[in-house]
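Data first, discussion second: the structure below is written as C-alpha cells.
Bear in mind these aren't lab numbers, they're just calculated from the coordinates by the rules spelled out. Given the structure is predicted, the values throughout are model-derived calculations rather than measurements. Don't worry about glycine lacking a Cβ; one is built from the backbone with ideal geometry, like all the others, and counts go over all protein chains shown.
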Amino acid sequence: MERPVDVLLEEHRLTRRSIGVLHRLADRVEAGDPFPAADVAVVLNFFREFVELVHHQKESAVFYPFAAMTGGDDAAESVGELIADHDESKTLLHSLTVFWEPTDLLADERKAFAEVARAYGGRLLRHMETEEEFLFPSAASIPGDDRIKFLEEFEEIASGHRTAGDWEPEIARLERMYR
C-alpha cells in the first residue's frame, strides 16, 4: 500500500524540478532574453493550480494535523511555521503573476521578476526541506487504517484538479527547453 508521505515526496520532486525551471527562466529574463510569457504561464499555473491548491491543501488539511498531534511540541511548532510558509508562498506567487504579461518587461521589471521568482522558489525549497527533515520521518509509519483514510482525503482534495502526473510532461518539456 502506498504511504501518504510517499505521495507528498513525489509531489516535492516535481515541485523541485519546477523551481529549477522557474529559476532558469528568471536567470534568462534578468540577462535580457525576451520574456517567455507562455512558458512562465505554464510554470505559474503549475504552482498555482497544483502546489497551492492541491499539494499545500493535502499538507494543511490532512498531514499537518496528524503531525502536530503525534509528533510532540517540536512537530507542533514546525507545523505552525509551515502553515505560515504556505501563506507567504501564496503571497509571493501572487506577486509573480503581476509580471505575467504577453509583452516584454522593462529592465527594472526583469530584475524584480527574477528576485521574486528566486524568493518564491527559495521559500518552497526551505519549506520542503523542513517537512522532509522534521515531519516526514515520523509519518512514514502511519498505521494502515490511517493510511487509507489519508490517501482517500488526498484523492478528494485533488478531485477536479490536474495531478502531478498530468503536469509532469509539461515540466519535462520546459526542463529540456531551459537547461
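Taking the beta-carbon count within 10 Å as an exposure proxy, list ILE148, ILE171 from fewest neighbours to most.
Exposure proxy ranking, most exposed first: ILE148, ILE171.
Springs between alpha-carbon atoms under 10 Å, Gaussian network over the chain: tell me which of LYS111, LYS58, LYS149 tops the mean-square fluctuations.
LYS149
For ALA107 and ARG24, calculate 0.36 nm times their separation in residues minus their Cα-Cα distance, and state this gained length in nm to one decimal.
Extra length available between ALA107 and ARG24 comes to 28.1 nm.
For q = 0.19, 0.23 Å⁻¹, what log10 I(q)/I(0) does the stretch 88-157 give under the Debye formula with an equal point scatterer on each alpha carbon and no solvent?
-0.84, -0.99
Per residue and in Å³, how big is the convex hull formed by the alpha-carbon atoms of the chain?
Given the Cα convex hull of the chain, per-residue volume reads 107 Å³.
Which one, VAL42, PHE134, SER89, projects farthest toward the positive side of the charge dipole computed for the stretch 4-177 from Cβ point charges (K/R +1, D/E -1)?
VAL42
Show me, for the stretch 27-42, the HN-Hα J-couplings you get by feeding each phi into the Karplus relation (A = 6.51, B = -1.76, C = 1.60, θ = phi - 60°), rounded to Hz, glycine and proline as x.
Per residue, the Karplus-derived 3J(HN,Hα) values read 4, 5, 4, 4, 6, x, 4, x, 5, x, 4, 5, 6, 4, 4, 4 Hz.
Can you work out ³J(HN,Hα) from phi for every residue in the stretch 68-73, in order, using Karplus 6.51 cos²θ - 1.76 cosθ + 1.60 and θ = phi - 60°, giving whole Hz and x for Gly and Pro?
5, 6, 9, x, x, 5
What are the ³J(HN,Hα) values, in whole Hz, obtained from phi via the Karplus relation 6.51 cos²θ - 1.76 cosθ + 1.60 with θ = phi - 60°, for each residue of the stretch 173-179 in sequence order, with x given for Gly and Pro?
Result, ordered by residue: 4, 5, 4, 5, 6, 10, 7 Hz.
Return the long-range amide H neighbours of LEU105 (sequence gap of 5 or more, or a different chain), with a cut-off of under 5 Å between placed amide H atoms.
PHE35
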